[in-house]
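The next block holds one structure in the form of structure tokens; read it before the comments.
The numbers here are math on the coordinates, done by the rules we state, and not lab data. Every value quoted in this text rests on a predicted model; they were computed, and no experiment measured them. We place every Cβ from the backbone using ideal geometry, glycine too, and count neighbours over all the protein chains shown.
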């Protein structure tokens, strides 16, 4: 492995760690120090360093780095408006740490306001876009179909399965792990130079709670971005979507996957999951109020139907109404023990027909517009 590759590998690792844990976590401190040491090794020649990120390749100075052909971080940096990074002199550790945090915000990995804090006067780190000619037309929307992601989301699925097992065993909600899964899903959504919706494809009915929670998280974040709600709100919707069905982990498996009609008593058990899930979220080590509200209200309809019954004349909160649309869409698009999956257009037509009755009409219209705009960007991820 060449020195430029060693540095960029350490650099991307440090950036990932900052995105997951922030800049004060011990893992971040270690990863940042390693990347800074690799940078120092590169700078030992005394020459300024320049990395240019192009579609599918990386340039070190004027030379292509063959080992980094197709490097995924190139497209992420380009999308964030960073085509080139230069190190003109020895980099101070605090500047380097600040730079990583700034990039994490630019890349959507952190929601802090650190993006406003880079202006530090003189620095040996320079970055920005490379100016090119304007005679090349931008790619058209129709030229960006997506069939499959390089992401398997295996670790994220295993984390959610583990999280459910922990709760079934009586443990408190592992919030850090839930947040890490949402951040990973967000990264997968932005892995290409265009928005991607990485939706899991169900194989076995007993995998439904895991696949459904991750899909609703992706759809809720996508709809939040489509509505331009802002980074922190989008991430909060992702968490709420991921945990909206948390109460179902306490429902007996034979009821959850029953292929026939539920009895009245079984239906009553199912209808308790919003209350159970909300309670879990409210007593977690770091109470998650918005996620708890969404867990409680995500089956409440606009006309007051659904469950549980609300006594507030204003009805369900906005986030609950948004997640409700995403919840129903993914449920309809998934094979269930009692019916096959619906095609996307049939599910969209159902939502359109129930707008103003079950669904908030404005949210329903936005969801339909989003799905029709980004339908070619759904990446089916086998479970």
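Assorted remarks:
- Cα centroid separation, segment 320-367 to segment 223-263 (Å): 13
- Fewest-first ordering of 17, 34 by other beta carbons within 10 Å of each residue's beta carbon gives 34, 17.
- Scattering from segment 3-132 was approximated by placing one identical point on each alpha carbon and applying the Debye formula without solvent; log10 I(q)/I(0) at 0.21 1/Å stands at -1.44.
- Cα Rg over Rh - segment 143-382, Kirkwood: 0.93
- Sorted by Cβ density within 10 Å, fewest first, the residues 248, 258, 154: 154, 258, 248
- Spin-label proximity, residue 228 to segment 66-84 - amide N less than 17 Å from point 7 Å beyond Cα toward beta carbon: none
- Among beta bridges from DSSP that stay inside segment 143-382, the antiparallel ones total about 25%.
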